[in-house]
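Asks: Below: one structure in structure tokens.
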Amino acid sequence: MKTLIKNVQIVNEGKIFGSDVLIDNDTISKVDSEISDEADLVIDGSGKYLLPGVIDDQVHFREPGLTHKGNIESESRSAIAGGVTSFIDQPNTVPNAVTQELLADKYSIASESAYANYGFMMGGTNDNLEEVLKTDPSNVPGIKLFLGSSTGNMLVDNPETLERIFSNTKMLIAVHCEDEATIRANTQQYIDKYGQDIPVKFHHLIRSEEACYKSSSKAIELAEKTGARLHVFHLSTAKETALFRNDIPLKDKKITAEVCVHHLTFTNEDYETKGALIKWNPAVKTQKDKDGLWEALLDDRIDVIATDHAPHTWEEKQNVYTKCPSGGPLVQHALPVMLENYKNGKISLEKIVEKMCHNPAILFRISKRGFVREGYKADLVLVDLNDPWTVAKENLLYHCGWSPLEGMELHSKITHTFVNGHLAYDEGKINEQKFGERLLFEVQE
């Protein structure tokens, strides 16, 4: 199957330029100003922009064990509608993916149900170092450690264990950084005052700046001591951004950072109207924090934009504070929201592509994805920057059926998504064939 995209503006590697693109089976075979090859399908890209498919390096698709919230099929389906062609899923499913066998089970499910390309993190615990070290770096993206208990029973809080993991693996270690003791003490203070029904507006004071900074600075110290490759997920404070560098290229960085769309979108003021729908861990914090995260994103101390897509049911989100789970769905809307920030003059298209497509590929050393390059896999997204729509229940594809963005007007629409050369999403219609493949990684000796 050959597909020819004509007269499109390509956003790639810091440039925007007019071009044609030829897809041959699953590969980008030609990028040129004038391609006249015969093709089975010709798409006129006039007035549209072609981006590499988004690689979301942090999602929770809830399978196995939590499929009342979402599953690999439903959430990867919503991903391709949002221009996300590859995802890296986290190990805090049920059971937790902390043995090679349990990790293999998730890959087996995805091989039959994923609309997008997939990778699954191996989970570390206080006592599974032996299993962690069996992980194959050529087909697993990395090791995930929860240094603050977010969900599941995956808290790694034994300093000796941590040091052993950091010292013994060459694989990328991705961490959730919040200091558990600080959070527990803060929670108790608010329970003493309010009981279980703590107003959600205090969430950012319970899961505080101090809790985040204490944990991330400690993780970085350990990475520097051991030489480990460390990626700090979902920064939420301005203070933490000072821990990261922007004076060397990403491929040479051993310590990297990510920010999520919700921490770039909301502040603690929004708890008033959104309530627990924007209760995430780490918490959405102040305007000062949001400003600091934007600054660090634009000056390259923060390397990646992701979603931390983590659906819960509407009913679960109505529980009192101490029983209400943290997290929300985002994978269908991350790219449109970032394009809205482009329209508002906050970020360039080139920078969005760098942080959402190129950098996850560089950081995780993903093979042949994340760029519009000849010989690379044809994971591509066509966007119309002038097609307004409003996020509403009827256009949500998440299994959980709600979004914290409902009612938000967006001015850019994803019109086509290609996964491995196949047109997986076309003007609002999803091709029900599943084209996702297992992500592979370049191993450096």
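Asks: Output the number of the condition that ASP157 fails; it satisfies all remaining conditions of (1) part of a loop (DSSP other than H, G, I, E, B); (2) among the charged types (D, E, K, R); (3) free of Cβ contacts under 8 Å to residues at least 24 places away in the same chain.
Replies: (3)
Asks: Which members of segment 382-413 meet the condition of being open to solvent by less than 10 Å² (accessible area, probe 1.4 Å), within 28 Å of GLN9 (Cα to Cα) and either touching an Asp or Glu at 6+ places or on another chain (Cβ under 9 Å) or without any contact (Cβ under 8 Å) to a residue 40 or more places away in the chain (or both)?
Replies: Once the filter is applied, which keeps residues that are open to solvent by less than 10 Å² (accessible area, probe 1.4 Å), within 28 Å of GLN9 (Cα to Cα) and either touching an Asp or Glu at 6+ places or on another chain (Cβ under 9 Å) or without any contact (Cβ under 8 Å) to a residue 40 or more places away in the chain (or both), segment 382-413 yields VAL391, LEU410, SER412.
Asks: Please enumerate the residues belonging to segment 7-21 that are surrounded by 13 or more Cβ atoms within 10 Å (Cβ to Cβ) and more than 28 Å from the chain's Cα centre (by Cα).
Replies: Taking segment 7-21 and keeping what is surrounded by 13 or more Cβ atoms within 10 Å (Cβ to Cβ), we get 7-13, 16, 19-21.
Once the filter is applied, which keeps residues that are surrounded by 13 or more Cβ atoms within 10 Å (Cβ to Cβ) and more than 28 Å from the chain's Cα centre (by Cα), segment 7-21 yields ASN7, SER19, ASP20.
Asks: Of the conditions (1) open to solvent by less than 10 Å² (accessible area, probe 1.4 Å); (2) more than 21 Å from GLN444 (Cβ to Cβ); (3) not aliphatic (A, V, I, L, M), HIS231 fails just one. Which one is it?
Replies: The number of the failed condition is (2).
Asks: Another question about this same structure. Filter segment 177-189 for residues that are open to solvent by less than 40 Å² (accessible area, probe 1.4 Å) and either out of contact with any Cys (no Cβ under 9 Å at 6 or more places or on another chain) or not in a loop (DSSP other than H, G, I, E, B) (or both) and give the result. Spell out how you get there, then give the answer.
Replies: Start the filter on segment 177-189 by keeping residues that are open to solvent by less than 40 Å² (accessible area, probe 1.4 Å), which leaves 177-180, 182-183, 186-187.
Result: GLU180, THR182, ILE183, ASN186, THR187.
Asks: Follow-up question, since we're still on this one. Being more than 20 Å from GLY227 (Cβ to Cβ), open to solvent by less than 10 Å² (accessible area, probe 1.4 Å) and touching a helix residue (DSSP H, G or I) at 6+ places or on another chain (Cβ under 9 Å) is the filter here, so list the residues in segment 146-176 that pass it. So that I can check it myself, show each step before the final result.
Replies: Initially, segment 146-176 is screened for residues more than 20 Å from GLY227 (Cβ to Cβ), giving 146, 148-155, 157-158, 176.
Checking the rest, the ones that are also open to solvent by less than 10 Å² (accessible area, probe 1.4 Å) come to 146, 148, 154, 176.
Within segment 146-176, GLY148, HIS176 qualify.
Asks: Residues being surrounded by fewer than 24 Cβ atoms within 10 Å (Cβ to Cβ) and in a loop (DSSP other than H, G, I, E, B): count how many of those fall in segment 46-62.
Replies: Result for segment 46-62: 3.
Asks: Let me ask something else. Which is among the acidic types (Asp, Glu) and out of contact with any Lys or Arg (no Cβ under 6 Å at 6 or more places or on another chain), of ASP44, ASP56, ASP40?
Replies: Values: ASP44 fails: out of contact with any Lys or Arg (no Cβ under 6 Å at 6 or more places or on another chain); ASP40 fails: out of contact with any Lys or Arg (no Cβ under 6 Å at 6 or more places or on another chain).
None of the others qualify; the one that does is ASP56.
Asks: Next up: Of these, LYS343, LYS368, LYS355, which one is within 27 Å of GLY18 (Cβ to Cβ), open to solvent by 60 Å² or more (accessible area, probe 1.4 Å) and in contact with a strand residue (DSSP E or B) (Cβ under 6 Å, 6 or more places away or on another chain)? Break it down into steps so the answer makes sense when it comes.
Replies: Values: LYS343 fails: in contact with a strand residue (DSSP E or B) (Cβ under 6 Å, 6 or more places away or on another chain); LYS355 fails: open to solvent by 60 Å² or more (accessible area, probe 1.4 Å).
Within the list LYS343, LYS368, LYS355, the selection yields LYS368.
Asks: Could you please find all residues in segment 97-133 being farther than 21 Å from PHE364 by Cα and part of a strand (DSSP E or B)?
Replies: Within segment 97-133, none qualify.
Asks: Spot the failing condition for LYS434; the list is (1) open to solvent by less than 40 Å² (accessible area, probe 1.4 Å); (2) in contact with an Asp or Glu (Cβ under 9 Å, 6 or more places away or on another chain), and only one is missed.
Replies: Single failed check for LYS434: (1).
Asks: Ok, one more. Mind listing just one residue for me: the one in segment 247-271 that is among the acidic types (Asp, Glu) and exposed (fewer than 15 other Cβ atoms within 10 Å of the Cβ) and, of those, nearest to ILE206 (Cα to Cα)? Full working, then the answer.
Replies: Of the residues in segment 247-271, the ones among the acidic types (Asp, Glu) are 247, 252, 258, 269-270.
Then keep just the ones that are exposed (fewer than 15 other Cβ atoms within 10 Å of the Cβ); that gives 247, 252, 269.
Numbers: ASP247: 34, ASP252: 36, GLU269: 15 Å.
It comes out as GLU269.
Asks: Sticking with this structure for a sec: If I ask for residues that are part of a strand (DSSP E or B) and closer than 14 Å to ASP308 by Cα, which ones from segment 70-89 would you list?
Replies: First, the residues of segment 70-89 that are part of a strand (DSSP E or B): 84-89.
Within segment 70-89, VAL84, SER86, PHE87, ILE88, ASP89 meet the criteria.
Asks: Only one of these is of a type in the set (A, V, I, L, M) and surrounded by fewer than 17 Cβ atoms within 10 Å (Cβ to Cβ): LEU41, LEU66, LEU4. Name it. If you could, list the steps in order and put the result at the bottom.
Replies: Values: LEU66 fails: surrounded by fewer than 17 Cβ atoms within 10 Å (Cβ to Cβ); LEU4 fails: surrounded by fewer than 17 Cβ atoms within 10 Å (Cβ to Cβ).
Among LEU41, LEU66, LEU4, only LEU41 is of a type in the set (A, V, I, L, M) and surrounded by fewer than 17 Cβ atoms within 10 Å (Cβ to Cβ).
Asks: Hey, another quick one. Please tell me if PHE244 is open to solvent by 10 Å² or more (accessible area, probe 1.4 Å), modelled with pLDDT of 95 or more, in contact with a strand residue (DSSP E or B) (Cβ under 6 Å, 6 or more places away or on another chain) and under 25 Å from HIS203 (Cβ atoms). Quick ask: steps written out before the conclusion?
Replies: Details: open to solvent by 10 Å² or more (accessible area, probe 1.4 Å): yes; modelled with pLDDT of 95 or more: yes; in contact with a strand residue (DSSP E or B) (Cβ under 6 Å, 6 or more places away or on another chain): yes; under 25 Å from HIS203 (Cβ atoms): yes.
Yes.
The values are calculated or read from the model by the stated rules, or taken from the named source; none is laboratory data. For clarity, every value in this text was computed on a predicted model and none was experimentally measured. In this analysis, Cβ positions are derived from the backbone assuming ideal geometry, glycine residues included, and neighbour counts consider all displayed protein chains. Side chains are part of the model used for accessible areas, which takes the heavy atoms of the whole protein and leaves out ligands, DNA and RNA. Shrake-Rupley method; radii C 1.70, N 1.55, O 1.52, S 1.80 Å.
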